[in-house]
Amino acid sequence: MNSDGEKHIIIAGFGGQGVLFLGTTLAEAAIIEGKNTTWMPSYGAEMRGGSANCFVVISDNEIPSPIFDEADYGVFLSKAAINRFENTMKQNGTAIINSSMAKDCKLRNDLNHIMEPLSDISAHSSEKMLLNIMALGLLIKKTKILTKESVIQALEKISSGKKQEFLKFNLNSFEAGYNLIREKAIY
């Protein structure tokens, strides 16, 4: 975390993984907690399969810019995201990694890696699990950058105009990620 209290988060994957929705939910939860936040998306021209990422800044103070050079926290849902964005992390930062997609990735040894096979869990779960929202649950549990309650309120707010089933999937996925027990640090 920065000395001025700003928390810089990068979320990256490919189109269709819900990267931008994860970032939007994080920013909405920050607003619910009365914090200042920015959300800056970036994505390829492809509808699905192209790169997608977003930068989120959360602060108790005014945020001078949504752009940052180094992230305190990262959520990487694809191999390409790891390869492209892990180097934007601050030393000793925390990276949530979808280990289902991290095969053959050379990871930095100066980061706290939290590895979970999110794609495998979502594909093989008896209930429909959304890997992006599981990653959000894992991020909140491990970093405590926001409260569980504010994220649940954000999911309820963002999902309010959609089918009730969509909210159920989001809440179940968040709880599943929040309650993942296995944690591996790679040094």
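The values are calculated or read from the model by the stated rules, or taken from the named source; none is laboratory data. Quick caveat: nothing in here was measured; it's all calculated off a predicted structure. With ideal geometry, Cβ positions are generated from the backbone for all residues, glycine too; neighbour counts draw on all protein chains shown. All accessible areas refer to the heavy atoms of the entire protein, side chains included, with ligands and DNA or RNA removed. Shrake-Rupley method; radii C 1.70, N 1.55, O 1.52, S 1.80 Å.
Assorted remarks:
- Excluding exposed DSSP-loop trypsin sites (Lys or Arg not before Pro) (at most 13 other C-beta within 10 Å), longest clean stretch of the chain: 49-102
- GluC sites (Glu not before Pro) within the stretch 99-187: DSSP coil, no more than 15 neighbouring Cβ in 10 Å: GLU127, GLU183
- Legend: distances between Cα atoms for LYS7/LYS106; LYS79/LYS163; LYS90/LYS163; LYS103/LYS148; LYS106/LYS157; LYS90/LYS144; pairs beyond 28 Å are LYS79/LYS163; LYS90/LYS163; LYS103/LYS148; LYS106/LYS157.
- Long-range amide H partners of ALA95 with built H, under 5 Å: GLY74, ASN112, HIS113, ILE114
- Carbon + sulfur, % of accessible area of the chain - ligands and nucleic acids excluded, 1.4 Å: 50
- Solvent exposure of the chain, expressed per residue, is 49 Å² of accessible area, with all protein chains present and a 1.4 angstrom probe.
- DSSP-loop GluC sites (Glu not before Pro) across the stretch 9-113, with at most 13 other Cβ within 10 angstrom: GLU46, GLU62, GLU70
- Potential extension, ILE31-ASN87 segment - 0.36 nm per residue separation minus Cα distance: 17.3 nm
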